[in-house]
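J.: Here's a structure for you.
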Amino acid sequence: MVSIDHVTHKILTYIPYVLVLIDMRYEGVKCGKDGSVDNHMEMGKKLLAAGQLADALSHFHAAVDGDPKNYLAYYRRATVFLAMGKSKSALPDLSRVIELKPDFTSARLQRGNLLLKQGKLDEAESDFKKVLKSKPSHKEEKDATSQLAKSDELQRLVAQARRSYGSKDYMTAAAQLDAVIETCIWDVASREMRADCFIQMGEMEKAIGDLKALSKLKNDNTQGFYKLSTIYYNLGDHEMSLNEVRECLKLDPDHKQCFSHYKQVKKLNKQILSAEELIREQRYEDAVSKYEDVMKTEPNVPQFSLLAKERICHALSQAQQASRAVSVCSEVLQSDPENVNVLKDRAEAYVQDEQYENAMKDYETAAKHSENDHQIKEGLERAQRLLKQSQRRDYYKILGVKRTAQKKEIIRAYRKLAQQWHPDNFQDPEEKKKAEKKFIDIAQAKEVLTDPG
């Protein structure tokens with residue numbers, strides 16, 4: 001029987017060898033790990049030089065994971081992020097490099113440049129000053145000095161813009177902010193201020209440009225989406241307004257302003273889409289009624305009233321309700337005299353009403369603003385042809401008598417029609433104009449048919 005002391009002695013004898021093996025195993029892991037990081041760094045550099053940015057980024061990710069204190073791994077990864085246009089991702093990496101190696105002037109200079117573009121001028125200035133104090137290379141010293149001067153100038157411009165904005169001199173403020181944003185392209189505060197300046201100046205397209213940029217620069221930009229939606233709404237673009245307010249509600253479903261606005265835009269959008277469907281189905285009276293509902297839903301935005309009237313003009317023209325169509329189309333053209341679609345619709349209504357010369361004028365005006373429109377060309381040719389035909393007059397038909405009618409019968413028909421079509425009987429300007437033309441035709445027919453010669 002083996003004694004316990006003997007077994008214990010055997011175990012104690014093997015322990016040093018086991019410890020050596022364990023130590024060797026961990027040394028191997030460490031070497032392998034360091035080698036892996038070096039491999040990733042080397043591969044990342046090669047891929048970066050070859051322009052294969054996504055693959056290079058994967059290797060630098062692995063290098064950072066493998067050695068979280070390797071400042072070069074962070075720096076290389078920041079370089080890739082910058083090459084990919086992902087400055088937001090590059091900035092924390094550059095900050096980590098500076099944390100690990102405070103005297104790495106290249107990283108500090110790059111971070112200063114990014115902070116400058118973000119409009120963080122005080123922080124950028126601090127980085128540039130530290131670069132100048134850390135024995136930089138000649139190029140780094142030159143760049144830092146130049147950027148420091150630029151930062152000072154930008155701080156002066158921002159202060160001036162705020163004063164101009166505060167005194168409601170929006171045009172001056174916008175010009176000053178133009179100079180700031182030319183360098184500080186990711187400066188949220190300056191873009192927000194400039195967008196407000198553009199709104200106050202009524203330059204909505206420019207405001208939209210800044211607000212669109214802000215939607216990408218700010219993660220939680222509900223107010224920006226709300227402003228965009230209201231601007232599009234006031235411009236009469238219900239579809240874009242609906243898109244932007246939905247973006248707001250994606251970020252915050254309980255946003256009171258956006259939810260209230262969403263309900264209004266959705267209702268209006270639904271009415272407009274329904275009216276257009278009725279026009280496609282040739283249900284023109286129903287379409288007119290639906291567009292009248294649009295004007296009731298939003299009576300305070302002129303663009304929607306104008307849109308509704310434009311489409312009512314079209315529906316009435318298609319329904320061959322000439323007199324009503326001319327009246328509504330004319331109302332639209334008072335506000336928008338170069339509206340080609342309305343000019344074409346009114347021209348068609350004039351043709352239906354046998355006012356061929358007016359139709360020709362509308363087609364000719366439309367042609368000036370839409371030269372290659374075949375519909376205009378065909379409409380103008382048709383109006384010219386009908387005018388020519390109408391000038392070959394049938395005077396018996398105008399008075400409604402037979403060609404064998406005697407003078408007394410002709411005079412009796414003339415008196416009856418003259419009384420019926422006397423312009424004083426009509427109040428509506430369009431109806432009065434039509435009556436005047438008819439009255440002249442009747443008088444001319446009577447003169448010709450009762451002329452003894």
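J.: Name the pairs: first residue in region 216-239 and in contact (Cβ under 8 Å) with a residue 60 or more places away in the chain, second residue outside any helix (DSSP H, G or I) and hydrophobic (A, V, I, L, M, F, W, C), Cβ to Cβ under 6 Å, at least 6 apart or on different chains?
T.: Taking only residues 6 or more apart or on different chains, the pairs are Asn234/Val301.
J.: Only residues that are closer than 24 Å to Gln320 by Cα and surrounded by 15 or more Cβ atoms within 10 Å (Cβ to Cβ): list them for region 262-275, please. Before you say what the answer is, go through the steps one by one.
T.: Looking only at region 262-275, we keep the residues that are closer than 24 Å to Gln320 by Cα, and these are 271-275.
Those that are closer than 24 Å to Gln320 by Cα and surrounded by 15 or more Cβ atoms within 10 Å (Cβ to Cβ): Gln271, Ile272, Ser274, Ala275.
J.: Let me ask something additional. Let me spell it out: the conditions are (1) open to solvent by 70 Å² or more (accessible area, probe 1.4 Å); (2) within 30 Å of Lys101 (Cα to Cα), and Lys168 meets all of them except one. Which number is the exception?
T.: The one condition Lys168 does not meet is (2).
J.: Checking Ala347 against (1) in contact with an Asp or Glu (Cβ under 6 Å, 6 or more places away or on another chain); (2) more than 30 Å from Leu380 (Cβ to Cβ); (3) small (Gly, Ala, Ser), which single condition isn't satisfied?
T.: Every listed condition holds for Ala347 apart from (2).
J.: Mind checking which residues of region 381-415 are under 16 Å from Ile440 (Cα atoms) and either part of a helix (DSSP H, G or I) or touching a Lys or Arg at 6+ places or on another chain (Cβ under 8 Å) (or both)?
T.: So in region 381-415, the residues under 16 Å from Ile440 (Cα atoms) come out as 390-400, 410-411, 413-415.
Answer for region 381-415, where residues must be under 16 Å from Ile440 (Cα atoms) and either part of a helix (DSSP H, G or I) or touching a Lys or Arg at 6+ places or on another chain (Cβ under 8 Å) (or both): Ser390, Tyr395, Tyr396, Lys397, Ile398, Leu399, Ile410, Ile411, Ala413, Tyr414, Arg415.
J.: Which of the residues belonging to region 127-141 are in contact (Cβ under 8 Å) with a residue 12 or more places away in the chain, surrounded by fewer than 21 Cβ atoms within 10 Å (Cβ to Cβ) and in a helix (DSSP H, G or I)?
T.: Those that are in contact (Cβ under 8 Å) with a residue 12 or more places away in the chain, surrounded by fewer than 21 Cβ atoms within 10 Å (Cβ to Cβ) and in a helix (DSSP H, G or I): Lys129, Lys130, Leu132, Glu140.
J.: Another question about this same structure. Report every pair of residues separated by at least 6 positions or lying on different chains whose Cβ atoms are under 7 Å apart, first residue within region 244-264 and closer than 13 Å to Asn221 by Cβ, second charged (D, E, K, R) and open to solvent by 80 Å² or more (accessible area, probe 1.4 Å).
T.: Matching pairs, first to second residue: Leu251/Asp220.
J.: Given the options Leu100, Leu116, name the one that is aliphatic (A, V, I, L, M), out of contact with any Ser or Thr (no Cβ under 7 Å at 6 or more places or on another chain) and surrounded by 15 or more Cβ atoms within 10 Å (Cβ to Cβ). Give the derivation first.
T.: Working: Leu116 fails: out of contact with any Ser or Thr (no Cβ under 7 Å at 6 or more places or on another chain).
Selected residue: Leu100, the only one of Leu100, Leu116 that is aliphatic (A, V, I, L, M), out of contact with any Ser or Thr (no Cβ under 7 Å at 6 or more places or on another chain) and surrounded by 15 or more Cβ atoms within 10 Å (Cβ to Cβ).
J.: With (1) free of Cβ contacts under 8 Å to residues at least 24 places away in the same chain; (2) buried (at least 19 other Cβ atoms within 10 Å of the Cβ); (3) charged (D, E, K, R) as the list, and Glu153 as the residue in question, which single condition is left unmet?
T.: The failed condition is (2).
J.: Oh, and also: So is Ala195 small (Gly, Ala, Ser), open to solvent by 40 Å² or more (accessible area, probe 1.4 Å) and modelled with pLDDT of 95 or more or not? Walk me through it before giving the result.
T.: Working: small (Gly, Ala, Ser): yes; open to solvent by 40 Å² or more (accessible area, probe 1.4 Å): no; modelled with pLDDT of 95 or more: yes.
So Ala195 does not fit the description; no.
J.: Has region 85-102 got at least one residue that is over 30 Å from Ala179 (Cβ atoms) and either assigned to a loop (DSSP other than H, G, I, E, B) or in contact with a Pro (Cβ under 6 Å, 6 or more places away or on another chain) (or both)?
T.: Checked region 85-102: at least one residue is over 30 Å from Ala179 (Cβ atoms) and either assigned to a loop (DSSP other than H, G, I, E, B) or in contact with a Pro (Cβ under 6 Å, 6 or more places away or on another chain) (or both).
J.: Condition first: part of a helix (DSSP H, G or I) and either open to solvent by 60 Å² or more (accessible area, probe 1.4 Å) or β-branched (Val, Ile, Thr) (or both). Now tell me which residues in region 438-453 satisfy that.
T.: Lys438, Ile440, Ile442, Gln444, Glu447, Val448, Thr450
J.: Additional query: Would you pick out the residues in region 202-261 that are open to solvent by less than 80 Å² (accessible area, probe 1.4 Å), among the charged types (D, E, K, R) and not in a helix (DSSP H, G or I)?
T.: Answer for region 202-261, where residues must be open to solvent by less than 80 Å² (accessible area, probe 1.4 Å), among the charged types (D, E, K, R) and not in a helix (DSSP H, G or I): Glu203, Lys218, Asp237, Asp252.
J.: If the Cβ limit is 6 Å and pairs must be 6+ apart or interchain, which residue in region 422-446 that is within 18 Å of Ile398 (Cα to Cα) pairs with which residue that is open to solvent by 80 Å² or more (accessible area, probe 1.4 Å)?
T.: Note: pairs meeting the criteria are Pro423/Glu436.
J.: Please indicate, with yes or no, whether at least one residue in region 416-437 is part of a loop (DSSP other than H, G, I, E, B) and farther than 24 Å from Ala325 by Cβ.
T.: Keep residues of region 416-437 that are part of a loop (DSSP other than H, G, I, E, B), which gives 421-422, 426-428.
Retained after the next criterion (residues that are farther than 24 Å from Ala325 by Cβ): 422.
Taking every residue of region 416-437 in turn, at least one turns out to be part of a loop (DSSP other than H, G, I, E, B) and farther than 24 Å from Ala325 by Cβ.
J.: Separate question: Only residues that are outside any helix (DSSP H, G or I) and more than 35 Å from the chain's Cα centre (by Cα): list them for region 56-84, please. Give the steps one after another, and end with the answer.
T.: Filtering region 56-84 down to residues outside any helix (DSSP H, G or I) leaves 67-70, 84.
Matches in region 56-84: Asp67, Pro68, Lys69, Asn70.
J.: What about Ala144, is it under 24 Å from Lys218 (Cα atoms), among the small types (Gly, Ala, Ser), open to solvent by less than 60 Å² (accessible area, probe 1.4 Å) and assigned to a helix (DSSP H, G or I)? Don't jump to the end; show me each part of the working.
T.: On the way: under 24 Å from Lys218 (Cα atoms): no; among the small types (Gly, Ala, Ser): yes; open to solvent by less than 60 Å² (accessible area, probe 1.4 Å): yes; assigned to a helix (DSSP H, G or I): yes.
Criteria not met by Ala144.
J.: For Gly119, which of the numbered conditions (1) of a type outside the set (D, E, K, R); (2) assigned to a helix (DSSP H, G or I); (3) over 25 Å from Lys45 (Cβ atoms) fails to hold?
T.: (2)
The values are calculated or read from the model by the stated rules, or taken from the named source; none is laboratory data. The shown structure was predicted, so the numbers you read here are calculated from the model rather than taken from an experiment. All Cβ positions, glycine included, derive from the backbone under ideal geometry; neighbour counts span all protein chains shown. Ligands, DNA and RNA are excluded from the accessible area calculation, which covers all protein heavy atoms including side chains. Shrake-Rupley method; radii C 1.70, N 1.55, O 1.52, S 1.80 Å.
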